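The values are calculated or read from the model by the stated rules, or taken from the named source; none is laboratory data. Please read all numbers here as calculations on a predicted model, not as lab measurements. With ideal geometry, Cβ positions are generated from the backbone for all residues, glycine too; neighbour counts draw on all protein chains shown.
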């Protein structure tokens, strides 16, 4: 019995070490790939917005941008498995969010799959990362679609639940989201392993085996749990449990975010040690009608500000060589230049998570022109030029 227990512990330790190694590799790959995708996506944005006689290449640019977006989603999933992506929780009204997401799913499904939804208006408010929640539900919907090649029904439902479940380690008030399909199901011997990174039941090339790991990582980091039931030949049901937040206060003027308002003019100090990324950021800000100054060291940016340079915003990469990094720069500016907002950017999950923990504004790489536009409006207001 002692030998059996020792072997069980050793196998568990080896499995844990394998998963930790996968996470470390995933984090490193994602960090470098995000820098490349930032350049690809940014330059595609610039090319697609350029007025010229090259309209015939616009479909190619759009296709390339779509492919790069898929790569960006893949790296974010890798960071999720490595547990190194920062979560940005915000209060969400599920009854408001889910119908739009269901419509997006419906538009991407073939006509031989019917989609049924049930989202009661009284669903409790949750406090989660909006992007990660959407990605999790899209991953689950995509798996359900692939499991029903001959058609069927996908049912998306949500309801409030008060739980005390020892198996799931849940106690309290939760919003339960259920995604149920009538697909092929999952073999019984594989079911306990479906949340492992790179585990997939799909054919080679049809899936990376990352979707369910992203779901598992996001839900557990949000304080919830995920459960799965499946019967071969019958279908699969996945249930996500997210902890309920206190009743949300109704936010006024939420619709104003979708209104395009001319930006105020002003100066942006770009702090980026990689010349290609610095040039890209500078041109993107110029397209958004900003005056630009570029430096390649955080210490150089701080010296300019201390010598009297006036800027409206500092846009800085987190990882910097030669001592001071973007986090240190932002912390110093809180004290010395409290009226100048700092927007940090990073493709490295650990550093981005650190920035979020310090309540600093962070834009993940790869970023798009629209995201820079949104952050400018958020940090600098909507005053017309």
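Return the residues of segment 200-236 that are modelled with pLDDT under 75 and surrounded by 14 or more Cβ atoms within 10 Å (Cβ to Cβ); say none if nothing qualifies. Before the answer, list the steps.
As a first pass, look at segment 200-236 and keep what is modelled with pLDDT under 75: 200-211, 213-214.
Scanning segment 200-236 gives 200, 201, 207, 208, 209, 210, 211, 213, 214.
Okay, residues lined up against (1) surrounded by 15 or more Cβ atoms within 10 Å (Cβ to Cβ); (2) closer than 17 Å to residue 370 by Cα; (3) touching a strand residue (DSSP E or B) at 6+ places or on another chain (Cβ under 8 Å); (4) not assigned by TED's automatic domain parsing to the domain that holds residue 376:
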site	(1), (2), (3), (4)
275	no, no, no, no
278	yes, no, yes, no
289	no, yes, no, no
298	yes, no, yes, no
302	yes, no, no, no
307	no, no, no, no
314	yes, no, yes, no
320	yes, no, yes, no
Do we find a residue being surrounded by 13 or more Cβ atoms within 10 Å (Cβ to Cβ), within 30 Å of residue 357 (Cβ to Cβ) and under 21 Å from the mean Cα position of the chain (by Cα) anywhere in segment 101-115?
-> yes
Need at least 2 residues that are under 26 Å from the mean Cα position of the chain (by Cα) per element, so show me which strands (runs of 3 or more DSSP E) inside segment 271-385 make the cut, counting only ones lying wholly within it.
-> 313-317, 342-346, 361-364
